[in-house]
1. Limited to region 40-65, what total is found for residues that are in a helix (DSSP H, G or I), touching a helix residue (DSSP H, G or I) at 6+ places or on another chain (Cβ under 8 Å), free of Cβ contacts under 8 Å to residues at least 60 places away in the same chain and of a type outside the set (S, T, N, Q)?
2. Just give me the residues in region 10-69 being of a type in the set (S, T, Y) and either at pLDDT below 85 or surrounded by fewer than 20 Cβ atoms within 10 Å (Cβ to Cβ) (or both), in sequence order.
3. Is it the case that L49 is closer than 19 Å to D23 by Cβ and of a type in the set (A, V, I, L, M, F, W, C)?
4. Is one or more of the residues making up region 79-89 over 16 Å from L122 (Cα atoms), more than 11 Å from the chain's Cα centre (by Cα) and of a type in the set (G, A, S)?
5. Does at least one position in region 62-69 carry a residue that is polar (S, T, N, Q) and either touching a strand residue (DSSP E or B) at 6+ places or on another chain (Cβ under 6 Å) or within 17 Å of A38 (Cα to Cα) (or both)?
6. Regarding L122, is this residue in a helix (DSSP H, G or I), surrounded by fewer than 21 Cβ atoms within 10 Å (Cβ to Cβ), of a type in the set (A, V, I, L, M) and within 12 Å of the chain's Cα centre (by Cα)?
7. Applying the selection to region 70-99, what residues are part of a loop (DSSP other than H, G, I, E, B), in contact (Cβ under 8 Å) with a residue 40 or more places away in the chain and surrounded by fewer than 19 Cβ atoms within 10 Å (Cβ to Cβ)?
8. Just to be sure, is R136 of a type in the set (K, R), modelled with pLDDT of 95 or more and over 12 Å from the mean Cα position of the chain (by Cα)?
Amino acid sequence: MFENLIAFFRNPTGYQTPLPEADARHAMGALMVRAAKADNAYLFEEISLIDRVLGKRHGLNAVDSAKMRAACEKLEAGMPDTAEMTEILRDAISSDEREATLRALWAVVYADGVKHDEEDLLLHQIENVLGISHERAKALQAEAES
């Protein structure tokens, strides 16, 4: 009973939303959300692209893609370190998938049609952790931009 009372004072509404498991699928989605928010704006174009990428990569319909993105948004909000989330992804996917992920991340940051230094810095950090060479990363960036 005492534990319930302490729990109530820590969270008086009793509302808890658990974070999704930090698996490779959610790590990729969370990184896309983080990339989209890097410029302090999270726009419809970016959200829509994230939903499409998640749907295509995981065989989801539009509703399930949106639900997965919502779970990824929670994970992104709770993940303190971009490098840690990227390491989870790096260790779980092939080098081809790493490149596809980086291409998708660049596509998300370009979805709003505006380049921002914050996005550029974040994606270069991610490419380093993913182990993608600078030259190859530039090529993937160019592919996403066109």
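1. Within region 40-65, residues that are in a helix (DSSP H, G or I), touching a helix residue (DSSP H, G or I) at 6+ places or on another chain (Cβ under 8 Å), free of Cβ contacts under 8 Å to residues at least 60 places away in the same chain and of a type outside the set (S, T, N, Q) number 11.
2. Scanning region 10-69 gives T13, Y15, T17, Y42, S48.
3. no
4. No, region 79-89 contains no residue that is over 16 Å from L122 (Cα atoms), more than 11 Å from the chain's Cα centre (by Cα) and of a type in the set (G, A, S).
5. Scanning region 62-69 turns up no residue that is polar (S, T, N, Q) and either touching a strand residue (DSSP E or B) at 6+ places or on another chain (Cβ under 6 Å) or within 17 Å of A38 (Cα to Cα) (or both).
6. Yes: the conditions hold for L122.
7. I93
8. yes
The values are calculated or read from the model by the stated rules, or taken from the named source; none is laboratory data. Bear in mind the structure is a predicted one, so any value in this text is a computation, not a measurement. Note that we place each Cβ from the backbone using ideal geometry, even for glycine, and neighbour counts take in every protein chain shown.
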